Amino acid sequence: MLLVVVLLIVVAFGFAVSMGAHYTGACMGMPRAAGAIRTVPALLLMAPLVLVGALLASHGVVATVGHSILETPSVALATALAIVGAAFVLTSAYNFLTIPTSTIQILVFSAVGAGFAEGIAIDWRTIGELVVLWAAAPFAACGLGFLFVRLADRRGPSPAGGLAPRAVAGLVAVGMAASFAMGANDVANASGALVMTGDFPILTAVAVGGAGLALGVLTWGKPLLEAVAFRVVVLDARTATSSQLAQSVVILVAVSFGLFTSMNQALVGAMIGAGVARGGTAVIGQAVRDILAGWALGPISGLALGFVLALLAARLLPGT
């Protein structure tokens, strides 16, 4: 029993590390792409903000994952291990392929797959609310991205040449806001499985997940950040700032209701809105197609692997 508990903590922490790296581009991609900050300083700034966001603003989302996806007071340790293990494996695979998938969708459908395998009822109302949010969030971010660019452009044309000090400060500030939002939004992917067992208080689970997120930012975040900054986005300071700000607003509003949505989906939606406001697009088409493919694969692969690992865990770790 103790060995399974330790293994669950290790896997949840490892998953958080993987996520921390995975979302560097979604948080600091805009400032980095626009040249407001270099890669290493961006990561050093992001890591503590992710941890603070997790500790201070994630409790509602963690409670949703821990108590409102599967209709049971608690799940077996082996089942929780299967859920977080499936999400960890898939997120790590997508990290290796540098495909920005939705970790949230992977985790939720890993839990659904495990529930099917264990015969646990699924709270379809919560799943439905999340699906509606996932569908609406990119459009909301798109609208906000469009609005923010138009409001900024009313102040006059962007200055020619390099970034003005105010533009640099604004870009870094929205990257910081996105980092805080990521901690609040995404720590539940790792910490929620701990809470599902009934053996971990939310604050303890959040501390484990938040520390893992911060470590992932610092140790494995550079390739993902540079992939987003140099391959996905082509924009100026105003569209970059507007995109990142729109993403952060959408995420933090969702978190305030105890729900979570994809950082990547919100960011791409915001980028498209910002680009449309300028009569074009701020997103390279092939990169968007890659991301959409990842979004399609994430839930399906999460459901399948969660189901298989839950069956294996029940056989290999009976009574846990």
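For the stretch 116-139, a residue qualifies if it is in contact with a Leu (Cβ under 6 Å, 6 or more places away or on another chain) and part of a helix (DSSP H, G or I), and the qualifying residues are ALA117, LEU133.
Residues that are modelled with pLDDT of 95 or more and hydroxyl-bearing (Ser, Thr, Tyr) within the stretch 73-103 comprise just one, THR79.
Matching residues to (1) buried (at least 19 other Cβ atoms within 10 Å of the Cβ); (2) of a type in the set (A, V, I, L, M); (3) modelled with pLDDT under 95:
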{"residue": "PHE116", "(1), (2), (3)": "no, no, no"}
{"residue": "CYS142", "(1), (2), (3)": "yes, no, yes"}
{"residue": "ARG150", "(1), (2), (3)": "no, no, yes"}
{"residue": "GLY162", "(1), (2), (3)": "no, no, yes"}
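Kindly provide the set of residues from the stretch 112-153 that are of a type in the set (Phe, Trp, Tyr) and touching a residue at least 24 places away in the same chain (Cβ under 8 Å), ordered by number. Listed by number, the residues that qualify are PHE116, TRP134, PHE139, PHE146, PHE148. Determine if the stretch 93-101 includes at least one residue that is under 21 Å from ALA254 (Cβ atoms) and surrounded by fewer than 18 Cβ atoms within 10 Å (Cβ to Cβ). Taking every residue of the stretch 93-101 in turn, none turns out to be under 21 Å from ALA254 (Cβ atoms) and surrounded by fewer than 18 Cβ atoms within 10 Å (Cβ to Cβ). Being among the hydrophobic types (A, V, I, L, M, F, W, C) and more than 20 Å from the chain's Cα centre (by Cα) is true for just one of LEU107, LEU151, LEU144. Which residue is that? Step by step, each of LEU107, LEU151, LEU144 is checked, and only LEU151 is among the hydrophobic types (A, V, I, L, M, F, W, C) and more than 20 Å from the chain's Cα centre (by Cα). Just so you know, in the stretch 1-40 the residues that are of a type in the set (Val, Ile, Thr) and within 26 Å of ALA314 (Cβ to Cβ) include one that is surrounded by the fewest Cβ atoms within 10 Å (Cβ to Cβ), and it is VAL6.
Within the stretch 262-279, how many residues are farther than 17 Å from ALA293 by Cα and surrounded by 24 or more Cβ atoms within 10 Å (Cβ to Cβ)?
Residues that pass the stated criteria total 4.
When every residue of the stretch 217-226 is checked against the conditions, none turns out to be over 19 Å from the mean Cα position of the chain (by Cα) and at pLDDT 90 or above. Looking across the stretch 241-274 at every residue that is farther than 18 Å from ALA34 by Cβ and of a type in the set (Gly, Ala, Ser), the one that is nearest to the chain's Cα centre (by Cα) is identified as SER262.
The condition of being closer than 20 Å to ALA36 by Cβ, at pLDDT below 95, surrounded by fewer than 24 Cβ atoms within 10 Å (Cβ to Cβ) and not aromatic (Phe, Trp, Tyr) holds for only one of ALA177, ALA173, ALA167, ALA135, that being ALA167.
The values are calculated or read from the model by the stated rules, or taken from the named source; none is laboratory data. What you see is a predicted model, and the numbers here were worked out from it, not measured in a lab. When we count neighbours, we look across all protein chains shown, and the Cβ atoms used for this are built from the backbone with ideal geometry, even at glycine.
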